[in-house]
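**Q** So that we are looking at the same thing, I have put the structure below in structure tokens.
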Amino acid sequence: MSILELFEIKHPIFLAPMAGVSTPTLAAEVSNQGALGSLGLGANTPESAKAQILKTQELTDLPFQVNFFCHQPEPLNAEIAKQWIEYLQPEFAKFDATSPTQLNCIYPSFLENDDFLNVVLETKPKAVSFHFGIPHPHQIQALKQAGIITMVSATNLIEAQQIEAAGIDIIIAQGIEAGGHRGIFNQHVDAAIKTSDLVQLLTQHCTCPVVAAGGIMNGDQAKTMFKLGASAVQLGTAFVQCKSSSANAAYRKALFSQKITQISASLSGRPARGLLGTWHTQIDSPHRPTVPAYPYSYDLAKQLMGIANQHDDFSYGSFWAGSNVAQIRELEAADLVNQLIVEITTR
């Protein structure tokens, strides 16, 4: 069965599930053009995740995917947290603010309990994908019994082989060019393989269909991935600028004015690629202290961002973007999907 038949879609184009940026409207607009829309729900509570899924189902009766984080929960190291808070205090002081005294776990993992699983089983989207790791065996089994397609991001061959062995249906091959968080299972081990090489590696050694993700902005790049063996392509950065995303005005402006991206773990505690900003040029000193575990450090970063934004300083923003952001085009979601289809089929 082809990936188009499996998902019941017309085109092998997936919208990347971007937590904090994706919306029901954006997901529906992509799905309504025959591609696969998505919701990035890793930053949601179970209640808000359910609400977003139901809203998307009101806007489209076509398939879409939902996405959750599968990071291994880590306890907060109090001494590391204290050092990090002290290190960032000068940044807060720039805005006459004081850094917080404690850090909170703002993003729970799908692995911690079955609350998110129950939301998926109740609402039954077409597919569910996972970042940072693989769900528990009983969770995978429950999803399979419900007829929900499962997908997990892989950044190297070993991760892909573990995904396949777990019985997951689709492997998302996330290359180093991808914007946002690296899907690495172990945040300290990153093979940093480019998308084209990763697609070839995984299609040679795995039997699951492979979806290429990372650095894909146009139809020509998509066609290259198809020739290398990808069954579909997943795009995120290209869609952030759409009016139906929840990206703020500063983010949208930066996408068209800042063309350099860099990977940093300082914002969230896990490596993520974003537009060059203060985190990369000032905070990421070779002598900076150890960053607290994900997502505790993200709690601190978001508080700093909020304070800076109030002073019209958006240089601390978590403006996630892929390495080919310079190729971004100002198009609404439906038009972008249609343009990609034209480029894939006619050039």
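**Q** Within segment 33-78, how many residues are more than 21 Å from Leu111 (Cβ to Cβ) and either charged (D, E, K, R) or not in a helix (DSSP H, G or I) (or both)?
**A** Within segment 33-78, residues that are more than 21 Å from Leu111 (Cβ to Cβ) and either charged (D, E, K, R) or not in a helix (DSSP H, G or I) (or both) number 12.
**Q** Still on this model: What is the residue count in segment 305-325 for residues that are in a helix (DSSP H, G or I), touching a residue at least 12 places away in the same chain (Cβ under 8 Å) and surrounded by fewer than 23 Cβ atoms within 10 Å (Cβ to Cβ)?
**A** Within segment 305-325, residues that are in a helix (DSSP H, G or I), touching a residue at least 12 places away in the same chain (Cβ under 8 Å) and surrounded by fewer than 23 Cβ atoms within 10 Å (Cβ to Cβ) number 5.
**Q** Determine whether Leu117 is more than 20 Å from Arg270 (Cβ to Cβ), among the aliphatic types (A, V, I, L, M) and touching an Asp or Glu at 6+ places or on another chain (Cβ under 9 Å).
**A** no
**Q** Still on this structure: If only one of Gly183, Gly133 is part of a loop (DSSP other than H, G, I, E, B), buried (at least 24 other Cβ atoms within 10 Å of the Cβ), within 18 Å of the chain's Cα centre (by Cα) and of a type outside the set (A, V, I, L, M, F, W, C), which one is it?
**A** Every option except Gly183 fails the conditions.
**Q** Turning to a different aspect of this structure: Can you confirm whether Ala333 is more than 21 Å from Ile263 (Cα to Cα), touching a residue at least 60 places away in the same chain (Cβ under 8 Å) and within 19 Å of the chain's Cα centre (by Cα)?
**A** Yes: the conditions hold for Ala333.
**Q** Among the residues of segment 7-45, which ones are among the small types (Gly, Ala, Ser) and closer than 21 Å to Asn338 by Cβ?
**A** Of everything in segment 7-45, those that are among the small types (Gly, Ala, Ser) and closer than 21 Å to Asn338 by Cβ turn out to be Ala16, Ser22, Ala27, Ala28, Ser31, Gly34, Ala35, Gly37, Ser38.
**Q** Suppose we filter segment 38-48 for residues that are more than 16 Å from His131 (Cα to Cα), in contact (Cβ under 8 Å) with a residue 24 or more places away in the chain and out of contact with any Asp or Glu (no Cβ under 7 Å at 6 or more places or on another chain); how many remain?
**A** Going through segment 38-48 one residue at a time, the tally reaches 0.
**Q** Just to verify a result, which residue in segment 100-119, among those that are of a type in the set (Val, Ile, Thr) and under 29 Å from Lys82 (Cβ atoms), is modelled with the lowest pLDDT?
**A** In this case the residue turns out to be Thr101.
**Q** Looking at this structure, is Val120 within 21 Å of the chain's Cα centre (by Cα), assigned to a helix (DSSP H, G or I) and within 19 Å of Leu39 (Cα to Cα)?
**A** Yes, satisfied.
Residues are listed down the side, and each one gets a yes or a no for (1) surrounded by fewer than 19 Cβ atoms within 10 Å (Cβ to Cβ); (2) in contact (Cβ under 8 Å) with a residue 12 or more places away in the chain; (3) out of contact with any helix residue (DSSP H, G or I) (no Cβ under 8 Å at 6 or more places or on another chain):
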| site | (1), (2), (3) |
| --- | --- |
| Leu235 | no, yes, no |
| Ala238 | no, yes, no |
| Lys243 | yes, yes, yes |
| Ala250 | yes, yes, no |
| Ile260 | yes, yes, yes |
| Arg273 | no, yes, yes |
| Thr281 | yes, no, yes |
| Pro286 | yes, no, yes |
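**Q** Given (1) out of contact with any Asp or Glu (no Cβ under 7 Å at 6 or more places or on another chain); (2) crowded, with 23+ Cβ neighbours inside 10 Å, identify the lone condition not met by Gly214.
**A** With (1) out of contact with any Asp or Glu (no Cβ under 7 Å at 6 or more places or on another chain); (2) crowded, with 23+ Cβ neighbours inside 10 Å applied to Gly214, the lone miss is (1).
**Q** Based on this model, can you work out whether Gln162 counts as more than 13 Å from the chain's Cα centre (by Cα), under 23 Å from Tyr294 (Cα atoms), assigned to a helix (DSSP H, G or I) and of a type outside the set (Ser, Thr, Tyr)?
**A** In short, yes.
**Q** Which one of these is of a type in the set (D, E, K, R) and surrounded by 24 or more Cβ atoms within 10 Å (Cβ to Cβ): Glu5, Glu29?
**A** From the options Glu5, Glu29, the qualifying one is Glu29.
**Q** Something else now. Only one of Ile172, Ile216 is assigned to a loop (DSSP other than H, G, I, E, B), within 17 Å of Leu36 (Cβ to Cβ) and either at pLDDT below 95 or β-branched (Val, Ile, Thr) (or both); which?
**A** The match here is Ile216.
**Q** Same structure again: Answer yes if at least one residue in segment 58-75 is modelled with pLDDT under 95 and surrounded by 15 or more Cβ atoms within 10 Å (Cβ to Cβ), and no otherwise.
**A** yes
The values are calculated or read from the model by the stated rules, or taken from the named source; none is laboratory data. Since we're looking at a predicted model, the values are computed, not measured. Cβ coordinates were reconstructed from backbone atoms using ideal geometry, including for glycine residues, and neighbour counts include every protein chain displayed.
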